[in-house]
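Notes for the one structure printed next.
The values are calculated or read from the model by the stated rules, or taken from the named source; none is laboratory data. Just so it is clear, the model here is predicted, and its values are computed rather than measured. Neighbour counts are summed over all protein chains in view; Cβ atoms, including those assigned to glycine, are modelled from backbone coordinates with ideal geometry. Remember, those area values only see protein heavy atoms, side chains included, never the ligands or the DNA or RNA. Shrake-Rupley method; radii C 1.70, N 1.55, O 1.52, S 1.80 Å.
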Amino acid sequence: MPPTSPTTERSPMPVALYALTAGSFGIGCAEFVIMGLLLQVAADLQVSIAAAGLLVTGYALGVTAGAPVLTLLSRRMPRKAVLLALMAIYTVGNAACALAPDYATLMAARVLTSLTHGTFFGVGAVVATGLVPADRKASAISIMFSGLTLATLLGMPAGAWLGLHFGWRSTFWAMGLVGVVSLLVIAALVPRSRNDDAPAALREELATIARPQVLLGLLMTMAGFAGVFVVITYIQPLLTRMAGFGEAAVSPILLLFGGGMVVGNLIGGRWADRRPTPALLGSLLVLAVVLGAMSLVLHNPVAMAAFVGLLGIAAFATVSPLQLRVLRFAEGAGQNLASSFNIAAFNLGNAAGAWIGGLVIEHGPGLGAVPWIASLVTLAGLAVALWSVRLESGREPPARLVTCASEQAR
């Protein structure tokens with residue numbers, strides 16, 4: 001049998017990617033577990049469900065502010081050192097959440113934790129794409145972001161279970177422990193980036209963010225993903241008060257959402273590697289359809305559980321295409337900053353989605369309208385994506401992350 005050529009069998013992904021996955025799992029837990037604890041936190045701290053939902057908004061706004069600020073402040077630091085410092089802050093922030101005596105303190109601790117999120121994923125995405133060839137960059141992003149999917153598959157339902165049986169504070173103590181483990185794994189396995197000693201000039205980095213296609217990419221990320229959080233922030237009351245599930249059923253149903261995210265993340269990464277623009281437009285369209293259709297099955301427990309899984313698939317199929325879109329047009333000076341800004345855009349969408357869902361619940365038309373409102377929000381993101389693609393007019397971006405067909409032929 002002749003030896004296998006590099007074109008017929010790909011080499012395994014670098015182990016450092018999975019260390020980044022461990023860190024993204026920890027940070028993803030901090031973002032998502034609150035959705036499964038909403039009722040317990042509201043009851044214990046004596047606030048409304050909508051006020052408890054603002055803990056999601058506060059976290060997301062912290063990510064939005066922290067991503068560009070921390071990325072700029074740490075721009076001359078080695079990327080590995082940045083990742084380690086962020087995991088240390090994350091660990092301290094979760095301990096503060098567990099000790100919070102009241103709502104205001106919990107909100108402040110959530111914001112402290114959130115400051116690490118955008119820069120970790122922004123810098124981590126650049127590190128991840130630097131570890132692989134050009135035609136595997138979307139898959140590398142997908143692997144790193146799979147920590148987020150595992151956070152929903154395992155961390156979110158586990159956090160809900162801990163909160164139900166041992167109190168919501170136990171969940172935050174567990175996340176602090178996850179932070180310590182993630183820090184150790186990153187320290188052991190992630191290499192120092194080769195270009196850490198040559199940071200770009202600040203003017204060049206800011207000029208990258210100002211590129212029209214980068215700005216449009218940030219806008220489509222924010223609007224397109226916001227629809228997910230219009231629904232997922234209030235998934236506990238949707239399942240218990242609309243679909244008729246007991247509180248104990250929420251945790252296993254969230255496993256379906258997490259499992260869907262794992263599948264969607266892999267689909268989105270591979271699709272974006274092959275056909276980035278169709279993956280971008282198609283994933284946003286599918287997400288809008290799933291959100292809209294969910295409004296038709298709110299009172300059907302079996303169908304609602306199935307749609308929670310479908311939502312996970314549709315939501316995370318968008319992540320790699322959206323992140324790759326920004327990185328394609330931001331390669332070179334400022335890619336770190338652009339990547340972090342896009343993570344901030346995801347979380348600004350999360351904040352807006354949680355806020356919009358709260359408005360719909362408190363001021364009408366009510367909890368049952370949350371899914372179809374979410375669909376309209378995602379359709380706005382799809383409209384921005386269509387505008388961006390039309391402006392591109394079929395031209396290759398000035399800096400590419402994917403290898404074109406002619407290069408592959410050579």
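Take the conditions (1) in a helix (DSSP H, G or I); (2) in contact (Cβ under 8 Å) with a residue 24 or more places away in the chain; residue 131 misses just one of them, which is (1).
Please tell me if residue 279 is touching a Ser or Thr at 6+ places or on another chain (Cβ under 7 Å) and either open to solvent by less than 10 Å² (accessible area, probe 1.4 Å) or at positive phi (or both). So residue 279 does not fit the description; no. The residues in segment 333-379 that are touching a Gly at 6+ places or on another chain (Cβ under 6 Å) and hydrophobic (A, V, I, L, M, F, W, C) can be counted, and the count is 7. Selection within segment 340-390: residues that are touching a helix residue (DSSP H, G or I) at 6+ places or on another chain (Cβ under 9 Å) and not in a helix (DSSP H, G or I). The member of this set that is least open to solvent (accessible area, probe 1.4 Å) is 366. With respect to the conditions (1) within 14 Å of the chain's Cα centre (by Cα); (2) at pLDDT 80 or above; (3) not aromatic (Phe, Trp, Tyr), residue 156 falls short on a single one, namely (2). Per the listing 216, 254, the residue uniquely surrounded by fewer than 23 Cβ atoms within 10 Å (Cβ to Cβ), assigned to a helix (DSSP H, G or I) and under 23 Å from the mean Cα position of the chain (by Cα) is 216. So is residue 203 in a helix (DSSP H, G or I) and either touching a Pro at 6+ places or on another chain (Cβ under 9 Å) or modelled with pLDDT under 85 (or both) or not? For residue 203, the condition - in a helix (DSSP H, G or I) and either touching a Pro at 6+ places or on another chain (Cβ under 9 Å) or modelled with pLDDT under 85 (or both) - is met. Candidates 67, 125, 109, 104: the one that is open to solvent by 10 Å² or more (accessible area, probe 1.4 Å) and either of a type in the set (Lys, Arg) or part of a helix (DSSP H, G or I) (or both) is 104.
Do we have residue 28 as in a helix (DSSP H, G or I) and more than 23 Å from residue 183 (Cβ to Cβ) here? Step through it out loud before you land on a result.
On the way: in a helix (DSSP H, G or I): yes; more than 23 Å from residue 183 (Cβ to Cβ): no.
Considered against the rule, which asks whether it is in a helix (DSSP H, G or I) and more than 23 Å from residue 183 (Cβ to Cβ), residue 28 comes out as no.
Could you please tell me which pairs satisfy a Cβ distance under 6 Å, a separation of 6+ or placement on different chains, a first residue in segment 93-118 that is among the aliphatic types (A, V, I, L, M), and a second residue that is open to solvent by 50 Å² or more (accessible area, probe 1.4 Å) and assigned to a helix (DSSP H, G or I)? From segment 93-118, the pairs are 98/169; 98/173.
Would you tally the residues in segment 157-173 being in contact with a helix residue (DSSP H, G or I) (Cβ under 7 Å, 6 or more places away or on another chain) and crowded, with 20+ Cβ neighbours inside 10 Å? Give the derivation first.
Here is the first cut: in segment 157-173, the residues in contact with a helix residue (DSSP H, G or I) (Cβ under 7 Å, 6 or more places away or on another chain) are 157, 159-164, 168-173.
In the following step, the residues that additionally are crowded, with 20+ Cβ neighbours inside 10 Å were identified as 157, 159-160, 162-163, 168, 171-172.
The number of residues fulfilling the criteria is 8.
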